[in-house]
Amino acid sequence: MKQVFGVFGDPVGHSLSPAMHNAAFSALGMDCIYHAFRVRPEKLEKAILGAEAMGFGGLNLTVPLKEKALKLDFIKPDPLAKRIGAVNTIVFGKDGEIQGYNTDGLGARQALLDASVEIMGSRMVIAGAGGAARAVAFQLAADGADITVINRTEERAVELAKEISAAALPGKIRGTGLSGLKDLLRDADVLINTTTLGMYPNTDTAIATAEELHSGLTIFDIVYNPLETRLLREAKAAGAKTISGVLMLVYQGAEAFRLWTGVEPSVELMKKTVLEALQV
Ligand code: ATR
């Protein structure tokens, strides 16, 4: 009998995860199917327990359920998910234990490593202080990066930096407002955009312009719709190296796949499938 996997979210209709995971299952000849389920926040508990009762192979959670999952006492979060404050992957253990993980930060790390970015000691500017920024900043601080979180609402950046500092991770971190961006970029190695600037339908906005960037920078935009954001175009104009948000999406999915199945999926195929889905 086919084993079912799924993503819960609301809205979830445009999720690229079903296409990505189904392609990976199919290429490996695994008798599995991955489907998107619209689950309202107030039904999350019942939905997860129902999936467990029905023998689902594993779950992803997306907006607006990631933070809520951490409040459910039957989910055992791993230390990173607990720190981040959000769960995006649920594993049903053999002993009936329901485990929560967050693979978003790992996805970002892998995308940077792919582009040959040395994370330890690297001077990184993370724009934004929302849920995505939390996942990326906790992971990169654990990997020893020297991070400045910069955000429109300065207090959120300062608060996030404080929380990460308190976790005593190897990296350094501080938080500030957007006005210092230009100066910070001059001495930075990497800029990671986790804000919604540039995301469809606001495709003409960007956190920085070519004049503020330089060729020594690597610019990683976690926005993948559109595929080439305004920020990535500005980066190219400045001669900077660019990393597409599609890679973070694919690598966080591949990590979830490994956690559920213990099997290595084809990340190349997952990437190709996502790119095809985005181009239609
Ligand atoms: P997510 O969980 O996906 O990270 P979020 O929590 O809504 O989403 O965070 C969105 C981020 O984009 C925030 O850092 C937000 O800045 P504020 O904290 O000041 O709201 C940032 N953002 C959204 N619109 C922006 C804009 N027009 N200019 C600058 N930053 C913006």
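Based on Cα atoms of the chain, Rg over Rh with Rh as the Kirkwood radius reads 0.97.
Sort Leu249, Leu269 from largest to smallest accessible area, using a 1.4 Å probe on the heavy atoms of the protein chains.
Values: Leu249 25, Leu269 50 Å².
Solvent-accessible surface, decreasing: Leu269, Leu249.
Eigen-decomposition of the gyration tensor built on the alpha-carbon atoms of segment 99-196 gives equivalent ellipsoid semi-axes of 18, 16, 13 angstrom, largest listed first. A Cβ-based charge dipole, computed about the Cα centre of the chain with Lys and Arg at +1 and Asp and Glu at -1, lands at about 320 debye. Translational diffusion coefficient of segment 27-158 (Stokes-Einstein, Kirkwood radius from Cα pairs, 4 °C, 1.567 mPa s): 79 µm²/s.
Counting heavy atoms of the protein chains only and a 1.4 Å probe, report the per residue accessible area for segment 78-236 as a whole number of Å². Mind showing how you got there, number by number?
On the way: 6860 Å² over 159 residues.
Accessible area per residue: 43 Å².
The overall shape of segment 186-280, judged from the alpha-carbon gyration tensor, is prolate: a/c is not under 1.5, and a/b is greater than b/c. Would you check the accessible area of Leu70, probe 1.4 Å, heavy atoms only, in square angstrom rounded to 10? Using a 1.4 Å probe on the heavy atoms, I get roughly 50 Å².
Less than 5 angstrom separates the built amide H of Ile126 from those of Thr148, Val149, Ile150, Ile192, all sequence-distant by 5 or more or on a different chain. For Cys32, nonlocal amide neighbours, meaning residues 5 or more places apart or on other chains whose placed amide H falls under 5 Å from its own, are Gln3. Converting phi to 3J(HN,Hα) with the Karplus coefficients 6.51, -1.76 and 1.60 and the offset θ = phi - 60°, segment 265-277 yields x, 7, 5, 4, 5, 4, 5, 4, 5, 5, 4, 5, 5 Hz in sequence order, with x at every glycine or proline.
The share of accessible area on the chain that comes from carbon and sulfur is 52 percent, using a 1.4 angstrom probe. The figure for Asp73 is an accessible area of roughly 140 square angstrom, using a 1.4 Å probe on the protein chains alone.
Evaluating 6.51 cos²θ - 1.76 cosθ + 1.60 at θ = phi - 60° for every residue in segment 168-180, the Karplus couplings come out as 6, 8, x, x, 9, 8, 8, x, 7, x, 5, 5, x Hz, glycine and proline recorded as x. Note that segment 115-127 has calculated 3J(HN,Hα) couplings of 8, 6, 7, 7, 7, 4, x, 6, 8, 10, 10, 9, 8 Hz, one per residue in order, obtained from phi through the Karplus relation 6.51 cos²θ - 1.76 cosθ + 1.60 (θ = phi - 60°); glycine and proline are x. Across His21, His214, His35, the residue with the most accessible area heads the list, and the full order at a 1.4 Å probe is His35, His214, His21.
Segment 75-118: which trypsin sites (Lys or Arg not before Pro) are DSSP loop and have at most 13 other beta-carbon atoms within 10 angstrom? List each step's numbers first, then the result.
On the way: sites: Lys82, Arg83, Lys94, Arg109; in loops: Lys94.
Taking segment 75-118 and a limit of 13 other Cβ atoms within 10 Å, the loop trypsin sites (Lys or Arg not before Pro) found are Lys94.
The values are calculated or read from the model by the stated rules, or taken from the named source; none is laboratory data. Computed from a prediction, not measured in an experiment: that's the story for all the values here. As a convention, Cβ positions derive from the backbone with ideal geometry for all residues, glycine included, and neighbour counts pool all protein chains shown. Areas reflect the complete protein model, heavy atoms only, side chains present, ligands, DNA and RNA absent. Shrake-Rupley method; radii C 1.70, N 1.55, O 1.52, S 1.80 Å.
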